[in-house]
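The values are calculated or read from the model by the stated rules, or taken from the named source; none is laboratory data. These numbers were taken from a predicted model, which means no experiment stands behind them. Quick reminder, even Gly has a Cβ in these numbers, built from the backbone with ideal geometry, and neighbours come from all protein chains shown. In case anyone asks, the SASA skips ligands and DNA or RNA and just uses the protein heavy atoms, side chains included. Shrake-Rupley method; radii C 1.70, N 1.55, O 1.52, S 1.80 Å.
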Amino acid sequence: MTSIVKTKTCLIVPPAVQHQAGFKAGDVVEFKASGGVITILTKLPNAADEYTPAQRRIIDAQLREAERGPFHGPFDTADEMIAHMKGELKKRAARKKSKRSR
């Protein structure tokens, strides 16, 4: 698709090209130019922009907790991993039964 660059107007990206690129109304885009090539990228939201400081603290605390574990493995074979998973399922089932019998 082609378009004519004029002196007093903005360069317009045709709607068909916007649709093909996945651009939607309200998207923030970033322009990069190099050697006669213009690249238009959708600017992804920054995590700091999406969350309040209080929400960010909660998320960071949850991530730190997840990093601490529990971790299982590494396993030498898939069979070892499967055996471990089956054992964990049996433990969960036993805990559920003990809670029900109370």
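Quickly run through the range 46-85 and pick out the residues that are closer than 30 Å to G26 by Cβ and either β-branched (V, I, T) or in contact (Cβ under 8 Å) with a residue 12 or more places away in the chain (or both).
Hits for the range 46-85 are T52, I58, I59.
Could you identify the single residue in D79, D60 that is acidic (D, E) and open to solvent by less than 70 Å² (accessible area, probe 1.4 Å)?
Within the list D79, D60, the selection yields D60.
Condition test on I12, is it surrounded by 10 or more Cβ atoms within 10 Å (Cβ to Cβ), at pLDDT 90 or above and not basic (K, R)?
Values: surrounded by 10 or more Cβ atoms within 10 Å (Cβ to Cβ): yes; at pLDDT 90 or above: no; not basic (K, R): yes.
It is false that I12 is surrounded by 10 or more Cβ atoms within 10 Å (Cβ to Cβ), at pLDDT 90 or above and not basic (K, R).
Could you check K91 against (1) over 26 Å from the mean Cα position of the chain (by Cα); (2) open to solvent by less than 100 Å² (accessible area, probe 1.4 Å); (3) at pLDDT 90 or above and say which number it fails?
Only one criterion in (1) over 26 Å from the mean Cα position of the chain (by Cα); (2) open to solvent by less than 100 Å² (accessible area, probe 1.4 Å); (3) at pLDDT 90 or above is unmet by K91, namely (2).
Would you point out the residue of the range 37-48, among those that are in a loop (DSSP other than H, G, I, E, B) and closer than 20 Å to A21 by Cα, that is modelled with the highest pLDDT?
Applying the filter and picking the extreme gives K43.
From the list S101, S34, pick out the single residue that is at pLDDT 90 or above, open to solvent by 60 Å² or more (accessible area, probe 1.4 Å) and among the hydroxyl-bearing types (S, T, Y).
The conditions single out S34.
Filter the range 63-76 for residues that are among the small types (G, A, S) and in a loop (DSSP other than H, G, I, E, B); which is most open to solvent (accessible area, probe 1.4 Å)?
The extreme case among them is G73.
Is one or more of the residues making up the range 49-57 among the polar types (S, T, N, Q), in a helix (DSSP H, G or I) and surrounded by 10 or more Cβ atoms within 10 Å (Cβ to Cβ)?
Yes: one or more hits.
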